[in-house]
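Heads up, the thing below is written out as structure tokens.
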Amino acid sequence: MGTRGVGPITQDWEPVVLRKQNPKSSDLKSTKVVNNAMRTGAPIETVKKHDAGTNKKTSSSAGPVVYARKLDETTEPAAFERVGTEVRAAIQKARLEKKMSQAELAKQINERVQVVQEYESGKAVPNQAVLAKMERVLGVKLRGKGK
């Protein structure tokens, strides 16, 4: 048969105590537990949290309040530069002279139709790479001093 550990075999008669877990803080805050504690006379502590239930922070607690929007406006321009009216007109005029649709121009410059629409309506932020492709396909100068 198998061998057991070294030494005589003894039994451990020490008592094992099993305890319930401590109640969670959320369980202690329930109205049922609070009412029961009030009935039995147990001490109850009530703490009012500062600014509880509001979405506002006072300026005295955290110093001056700096809003993210104001911070962004000071560090970054509010609006980006859009395509100028001369460039818009030049793109449209050159495209119509070559009898191309916006979709055909977009396909030739390898961009989406929406990009061409934004450039012609003046909503696009100028991208030098896209303007260079349009110049090459349309044969018109869209960038630089000699527009």
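A short reminder: the numbers here are calculations on the coordinates, not readings from a lab. Note that the coordinates shown come from a computational prediction; the quantities given were computed from them, not determined experimentally. Ideal geometry is used to build each Cβ from the backbone, glycine not excepted, and the neighbour counts take in all protein chains shown.
Can you work out the FRET efficiency for the pair GLN128 and LYS49, with r the C-beta to C-beta distance and R0 = 35 Å, to the nearest 0.05?
Working: r = 55 Å, r/R0 = 1.58.
Efficiency for this residue pair is about 0.05.
In whole Hz, with x marking every Gly and Pro, tabulate ³J(HN,Hα) for the range 14-22 from phi via Karplus 6.51 cos²θ - 1.76 cosθ + 1.60, θ = phi - 60°.
Going residue by residue, I get 5, x, 9, 9, 9, 10, 6, 5, 5 Hz, with x marking Gly and Pro.
Sort the range 85-138 into rounded, prolate or oblate with this rule: let a ≥ b ≥ c be the square roots of the eigenvalues of the Cα gyration tensor; rounded if a/c is under 1.5, and if a/c is not under 1.5, prolate when a/b is larger than b/c, oblate otherwise. Intermediate values should be presented prior to the final figure.
Values: a/c = 1.32, a/b = 1.10, b/c = 1.20.
Taking the square roots of the gyration eigenvalues as a ≥ b ≥ c, the range 85-138 is rounded.
Give me the one-decimal nm value for the distance between modelled label points at GLN11 and LYS141, 7 Å along each residue's Cα-to-Cβ direction.
Result for the modelled spin labels: 10.6 nm.
Using each residue's phi in the range 119-129, evaluate 6.51 cos²θ - 1.76 cosθ + 1.60 at θ = phi - 60° and report the 3J(HN,Hα) Karplus result to the nearest Hz, with x for Gly and Pro.
Each residue's phi maps through the Karplus curve to give 5, 6, 8, x, 8, 7, 7, x, 10, 4, 5 Hz.
Fully extended, how many nm does the chain gain between GLU97 and GLN117 (0.36 nm per residue separation, minus their Cα-Cα distance)? Working shown, then result.
Working: separation 20, 0.36 × 20 = 7.20 nm, distance 1.70 nm.
Result for the pair: 5.5 nm of gain on full extension.
Using the structure shown, list the pairs from LYS99/LYS133; LYS99/LYS141; LYS20/LYS48 with a Cα-Cα distance above 21 Å, or answer none.
Values: LYS99/LYS133 18 Å; LYS99/LYS141 18 Å; LYS20/LYS48 30 Å.
Distance filter (> 21 Å) returns LYS20/LYS48.
Could you go through the range 109-115 in sequence order and give the Karplus-derived ³J(HN,Hα) for each residue, using 6.51 cos²θ - 1.76 cosθ + 1.60 with θ = phi - 60°, rounded to whole Hz, and x for Gly and Pro?
Coupling constants for the range 109-115: 8, 6, 10, 6, 4, 4, 5 Hz.
Taking amide H positions as placed 1.01 Å from N in the peptide plane, with prolines and chain starts having none, which residues 5 or more places from VAL83, or on another chain, fall under 5 Å of its amide H?
Hits under the 5 Å cutoff: ALA124.
Using the Cα centre as the reference, give the magnitude of the dipole from point charges on the C-beta atoms of the range 85-138 (Lys, Arg: +1; Asp, Glu: -1; all else neutral), rounded to the nearest 20 debye. The partial results should precede the final answer.
Details: 10 positive and 7 negative charges, 25 e Å.
Dipole about the Cα centre, nearest 20: 120 debye.
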